[in-house]
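Only one structure is covered here, and it is reproduced in the block below.
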Amino acid sequence: MGKDSAQESDDFSQHPLFLKVLGKYPDCPDPPSPPAAAKHWDESDFEIFVASMGSISPQRAPKKAADNVPPPADEKSGKELQSPMMESVALFECSPLRAAAPSPKLTKKEEDKALQASVSPHASGESIRGEPHIKGKGMADASLVIPSTLFMEDKAPEGLKLEAILTKFDRCRAACLQSISGMSTFSLVKEHGVGILLADLSVCVETEALPDLIDDVFVESEIDLPKMPQLPSLQRLVDRTGKSSCTATFSQMFVDMKTGMLSGNSTAYNCIKRPCDQIFERQIPNSKTLAVRKELAHKWTWPRPALGRPFKPTKYLQGRYVIAPSDCDTYNTMYHPKAPSVCEHAALSTGETWACRPCNAFYCKFLSTLLPGTSLLVHILVEETADVGTRALFAYEKKGEENSCVLCAFAVYGGSVPGVVYQEEFSAVTPKAGQALASWAKSDGDQSRLDAFAKTSGCDLSALA
């Protein structure tokens, strides 16, 4: 009778299943009281509610008497999580403090050994000395560390070859994803109809004293899943002393392969999120992990360093570039590590040589597929500085598509390290700004179009007027 009265009351804070779930997480801060819909919940629904600290309230229709079959895991988060537009929902999954079935308790040494056994020995194409391991467990910057080696193709006469480093990062990122979750980009598409779209990348070189050739380096790969459908990643190239030589961030999204829209497939998302939370030790809902999850949710909205003034180009240049087959991957579009080299070649096509200096900072936004043979007109705005290098904004217009913008980027050549793309420069890398730049460039100095571009990009164009 007590159980029935608890379920019929509007207050579900004493519901037996709610209390049972709370008992699994003794360190969990007090969540809000479950809503009225909790009268239809099973234990897994209460678990989702507790793990998300009330952020997720599963919506479940009343069960029929004959319907005792529990729903699949992907339905337990509620219908509202299936929408591709639910970017505002933070999807927090959890694992119980103790497994339902009894299992022998492992020693710390046995746990570490089991963890290492679940990690791929190395990224494809990389030779290593040492074992992969997890760094920063329980923290927002937890990462899988893969030992690697710095080879000839990774270094230029001065500085790093960003194309080679981004390729190394791509291999390690794929190894990290598959070794932790057991899922690859291919299996995500095949099993769930979901692909991973790279929207933009950012990379900066942090030191002039780079590791020597044939030297041990380590690639630290973070996989963050702050909220569906986001899958951002951060990677670092670290030398044997622990000093970071280069850091790159990748804005990635889950995309439905049939519609091309952002995916709301919670099953596919949880196939990666759950094992990542477990291996990075962020799965138990207590005050520490909840603080880490909050940090992850805000991590990718942090503003870039401010320069304190708008980007002020002093020169406009026009270059050309044709996408080569060697620039493309198996998806028949430009391979993203090629972006810094594409900008380098486009700059050199103008007759200028400032792109021969090391590229210490680079940001690129991918806007369209670029097939082999695609002819591009490149609009470049350049600011020469004495202390922070040559700073260049690139907008790529596809031949035959007037005032289009299919790729835009900002690069810093030479200057001090660590390299940085400031917030004012970052804000100018948009498709609308690129389209406005292309429109002005072909208008013989039309002041109205220059003003329109200045308004769109936020740049100070007084030196070009």
Open item on the list: Looking only at segment 292-317, how many residues end up being crowded, with 16+ Cβ neighbours inside 10 Å and in contact with a Pro (Cβ under 6 Å, 6 or more places away or on another chain)?
Closed with: 2
Task: Matching residues in segment 131-148 - criterion: being surrounded by 21 or more Cβ atoms within 10 Å (Cβ to Cβ) and in a loop (DSSP other than H, G, I, E, B) - done: P132, A142
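Suppose we filter segment 246-269 for residues that are in contact with an Asp or Glu (Cβ under 6 Å, 6 or more places away or on another chain), in contact (Cβ under 8 Å) with a residue 60 or more places away in the chain and closer than 22 Å to K299 by Cα; how many remain?
Summing the residues that are in contact with an Asp or Glu (Cβ under 6 Å, 6 or more places away or on another chain), in contact (Cβ under 8 Å) with a residue 60 or more places away in the chain and closer than 22 Å to K299 by Cα in segment 246-269 gives 2.
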Open item on the list: I'd like to know if segment 245-259 contains one or more residues that are in contact with a strand residue (DSSP E or B) (Cβ under 7 Å, 6 or more places away or on another chain) and more than 22 Å from L198 (Cβ to Cβ).
Closed with: yes
Open item on the list: Return the residues of segment 277-287 that are surrounded by 14 or more Cβ atoms within 10 Å (Cβ to Cβ) and part of a helix (DSSP H, G or I); say none if nothing qualifies.
Closed with: D277, Q278, I279
TODO: Could you tell me whether any residue of segment 150-172 is in a helix (DSSP H, G or I), surrounded by fewer than 16 Cβ atoms within 10 Å (Cβ to Cβ), touching a Leu at 6+ places or on another chain (Cβ under 9 Å) and hydrophobic (A, V, I, L, M, F, W, C)?
DONE: yes
- [ ] Could you pull out the residue among S202, S266, S244, S179 that is in contact with a helix residue (DSSP H, G or I) (Cβ under 7 Å, 6 or more places away or on another chain) and of a type outside the set (A, V, I, L, M)?
- [x] S266
Open item on the list: Which condition from (1) touching a Phe, Trp or Tyr at 6+ places or on another chain (Cβ under 8 Å); (2) in the same structural domain as A438 (by TED's automatic domain parsing); (3) part of a loop (DSSP other than H, G, I, E, B) is the one that Y321 breaks?
Closed with: (3)
Open item on the list: Against the definition (surrounded by 23 or more Cβ atoms within 10 Å (Cβ to Cβ), in the same structural domain as H133 (by TED's automatic domain parsing) and within 17 Å of the chain's Cα centre (by Cα)), how does L262 come out, yes or no?
Closed with: no
Open item on the list: What pairs come out if I take residues in segment 321-341 that are at negative phi and pair them with residues that are loosely packed, with under 14 Cβ neighbours inside 10 Å and among the acidic types (D, E) whose C-beta lies under 6 Å away, six or more apart or interchain?
Closed with: Y335/D329
Task: Residue in segment 326-382 that is surrounded by the fewest Cβ atoms within 10 Å (Cβ to Cβ), counting only those that are polar (S, T, N, Q), outside any strand (DSSP E or B) and within 22 Å of the chain's Cα centre (by Cα) - done: T330
Open item on the list: Could you list, ordered by first residue, the pairs with Cβ atoms under 8 Å in which the first is in segment 353-365 and in the same structural domain as T249 (by TED's automatic domain parsing) and more than 18 Å from P431 (Cβ to Cβ) and the second is assigned to a strand (DSSP E or B) and basic (K, R), at least 6 apart or interchain?
Closed with: none
Open item on the list: So for segment 188-195 (the condition being farther than 26 Å from T369 by Cα, surrounded by 16 or more Cβ atoms within 10 Å (Cβ to Cβ), more than 16 Å from the chain's Cα centre (by Cα) and at pLDDT 90 or above), does at least one residue qualify?
Closed with: no
Task: Residue identified as over 17 Å from S439 (Cα atoms), touching a helix residue (DSSP H, G or I) at 6+ places or on another chain (Cβ under 6 Å) and crowded, with 19+ Cβ neighbours inside 10 Å among A392, A411 - done: A411
Task: Complete set of residues in segment 453-465 that are crowded, with 16+ Cβ neighbours inside 10 Å, over 32 Å from the mean Cα position of the chain (by Cα) and at pLDDT 90 or above - done: L461
TODO: Would you be able to say whether some residue in segment 230-240 is at pLDDT 90 or above, crowded, with 16+ Cβ neighbours inside 10 Å and part of a helix (DSSP H, G or I)?
DONE: no
Open item on the list: If I ask for residues that are closer than 27 Å to G389 by Cα and either out of contact with any strand residue (DSSP E or B) (no Cβ under 7 Å at 6 or more places or on another chain) or β-branched (V, I, T) (or both), which ones from segment 324-343 would you list?
Closed with: P337, K338, S341, V342
Task: Test: S462 is farther than 22 Å from G400 by Cα and in a helix (DSSP H, G or I) - done: no
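The values are calculated or read from the model by the stated rules, or taken from the named source; none is laboratory data. These figures come from a predicted structure and were not determined experimentally. With ideal geometry, Cβ positions are generated from the backbone for all residues, glycine too; neighbour counts draw on all protein chains shown.
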